[in-house]
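Handing you this structure, nothing more for now.
The values are calculated or read from the model by the stated rules, or taken from the named source; none is laboratory data. No experiment lies behind these values; they were computed from the predicted model shown. Neighbour counts run over all protein chains shown; Cβ positions are idealised from the backbone, glycine included. Accessible surface areas use protein heavy atoms only, side chains included; no ligands, DNA or RNA. Shrake-Rupley method; radii C 1.70, N 1.55, O 1.52, S 1.80 Å.
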Amino acid sequence: MAFKSWFKGSGGAEPQAGAKTDLTIEDLIVLERYDEAETRLKAQLRNDPDDLYAHLKLAEAYGGLGRAEAAADQYLHVAEEYARDGFYDKGIALLQRAQRANPGDERLRLKLYAFEQAKGMEHKRNAAIEGLRQSRHAGAGSGTRVLQLQRIWHHLAPTPLLRRLSVDNLRRLFAAAEPVQLVGGHALAGRGEADGVLWVLLSGTVDALLERGAGEPTPLRSFGPGDVIGDEVGLRQGNWPATYRVAEAGLFLRLDRSGLEHALTGNSDPRGFLDALRQDGNDADITRMVAKLEARP
């Protein structure tokens, strides 16, 4: 306490209101003069609400004043700003400080989980871009495809396929498959064909249709970003169960037998790679739908 009294003026008295002081905000916090630090920090933030350093110092001041929830609010604000710019590690570290300040705050736990998931997806996005750049199909247009992937990533990130694929297997998929831009109306596959190709939709939509006679085809199901079609054909050497036609133009990954072999060579988790691609069983689903329709009188 004697140390603190040295900064209070003659006889340990507090400085008069309006008196000049050379103490910084950091000094005030070290000296546990949290009320003064809070007042000065709030004034700074009125002039510059985006001063993240001031928000962090205000969190420290609130912590010293025993205002745990207010301290956590400041840490959370800065963490969200860092995460918005892609600095998830910094955001996670600040959320952990917020949790120490206010351990019972459930929103912090949920936000921490969301940041960790987003960080993992950022790693996967980088792996997919790296795969495209390393692709055996790289060449003219590869830069355009990278930009396309960056633009459509928000559609892919929440899909089950990306959650199932490890970072390494995602990189392998994008390195082995051929990115193809397809227009609406393009016939992707015909029923009964066995071309040994699997398709992953990155954007756009594909309709599965049952064609019978000269009439209009019967729509079975539509597929969109993150869906895998042709798993029975590309992975199990089966036949396409229906006709598949591009309904909305988009970017697709075409994985043929050669590409599959490329993706599996040297792969430390080949089963995980294959299971991720065939888990949805979309071809089997279409096969069942076709069988039901054809069994009707």
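Based on what the data block shows, is Asp89 out of contact with any His (no Cβ under 8 Å at 6 or more places or on another chain) and open to solvent by 60 Å² or more (accessible area, probe 1.4 Å)? I'd like the intermediate steps shown before the answer.
On the way: out of contact with any His (no Cβ under 8 Å at 6 or more places or on another chain): yes; open to solvent by 60 Å² or more (accessible area, probe 1.4 Å): yes.
It is true that Asp89 is out of contact with any His (no Cβ under 8 Å at 6 or more places or on another chain) and open to solvent by 60 Å² or more (accessible area, probe 1.4 Å).
Only residues that are touching a helix residue (DSSP H, G or I) at 6+ places or on another chain (Cβ under 9 Å) and either surrounded by fewer than 17 Cβ atoms within 10 Å (Cβ to Cβ) or free of Cβ contacts under 8 Å to residues at least 12 places away in the same chain (or both): list them for segment 101-114, please.
Within segment 101-114, the subset touching a helix residue (DSSP H, G or I) at 6+ places or on another chain (Cβ under 9 Å) is 101-105, 107-109, 111-112, 114.
Selection gives Pro103, Gly104, Arg107, Arg109, Ala114.
Now, a different point. If you take the residues in segment 244-254 that are in a strand (DSSP E or B) and of a type in the set (Gly, Ala, Ser), which one is most open to solvent (accessible area, probe 1.4 Å)? So that I can check it myself, show each step before the final result.
The initial filter retains those residues of segment 244-254 that are in a strand (DSSP E or B), namely 244-248, 250-254.
Restricting the remaining residues to those that are of a type in the set (Gly, Ala, Ser) gives 247, 250.
Details: Ala247: 55, Gly250: 3 Å².
This residue is Ala247.
Which of the residues spanning segment 182-202 are under 23 Å from the mean Cα position of the chain (by Cα) and either farther than 20 Å from Arg236 by Cβ or part of a loop (DSSP other than H, G, I, E, B) (or both)?
In the first step, residues of segment 182-202 are kept if they are under 23 Å from the mean Cα position of the chain (by Cα); the result is 199-202.
Leu202, the sole residue that qualifies.
Got a sec? Which of Arg288, Arg236 is part of a helix (DSSP H, G or I) and more than 22 Å from His186 (Cβ to Cβ)? Before the answer, list the steps.
Details: Arg236 fails: part of a helix (DSSP H, G or I).
Testing whether each residue is part of a helix (DSSP H, G or I) and more than 22 Å from His186 (Cβ to Cβ) leaves just Arg288.
While we're on this one: Any residue in segment 255-275 that is buried (at least 22 other Cβ atoms within 10 Å of the Cβ) and outside any helix (DSSP H, G or I)?
Checked segment 255-275: at least one residue is buried (at least 22 other Cβ atoms within 10 Å of the Cβ) and outside any helix (DSSP H, G or I).
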